[in-house]
Amino acid sequence: MLVGQALHDRGIKTPAAIAAAIGMPVAEATKLMTGKQWRAGDVALLEAAAMRLGLLVPDVTPR
C-alpha cells in the first residue's frame, strides 16, 4: 500500500509511468501493483520499488 500511495501522491498513474518510476517493465509493474495474490519474490520487488521511490521501509522481522 505504501508504494501505491506514494505513486498516487506523485500523480503517477499510467502503467508506463508506474513502470518507469519503479524501474520495471510495464507488464511486470502492472501485475505487481494490481495483483490480488502475491507470488514468490513480490515482497522483494515491492521493497525495491519503495527504496527507488525514496520511501522508508519498516523492518518487520520478528524479534
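Every number in this text was worked out from the coordinates using simple rules, so none of it is lab data. Please read these numbers as outputs of a predicted model, since none were measured by experiment. Reconstructed Cβ throughout: ideal geometry from the backbone, glycine too, with neighbour counts over all protein chains shown.
Among Thr14, Met24, Leu2, which residue has its Cα furthest toward the positive end of the charge dipole of the chain, with +1 on Lys/Arg Cβ and -1 on Asp/Glu Cβ?
Thr14
I'd like the Karplus ³J(HN,Hα) series for region 33-50: coefficients 6.51, -1.76, 1.60, θ = phi - 60°, whole numbers in Hz, and an x wherever there's a Gly or Pro.
7, 10, x, 9, 10, 6, 10, 4, x, 5, 4, 4, 5, 5, 5, 5, 5, 4
Dipole of the chain, Cα-centred, from +1 at each Lys and Arg C-beta and -1 at each Asp and Glu C-beta, to the nearest 20 debye?
120 debye
Could you give me the ³J(HN,Hα) list for region 2-9, computed from phi with Karplus coefficients 6.51, -1.76, 1.60 and θ = phi - 60°, whole Hz, x at Gly and Pro?
4, 5, x, 5, 5, 4, 4, 4
What three numbers, in Å, describe the spread of the alpha carbons of the chain along their principal axes, ordered from the longest?
39, 23, 18
Taking other Cβ within 10 Å of each residue's Cβ, how do Val3, Val60, Val26 sort, fewest first?
Neighbour counts put them in this order, fewest first: Val60, Val26, Val3.
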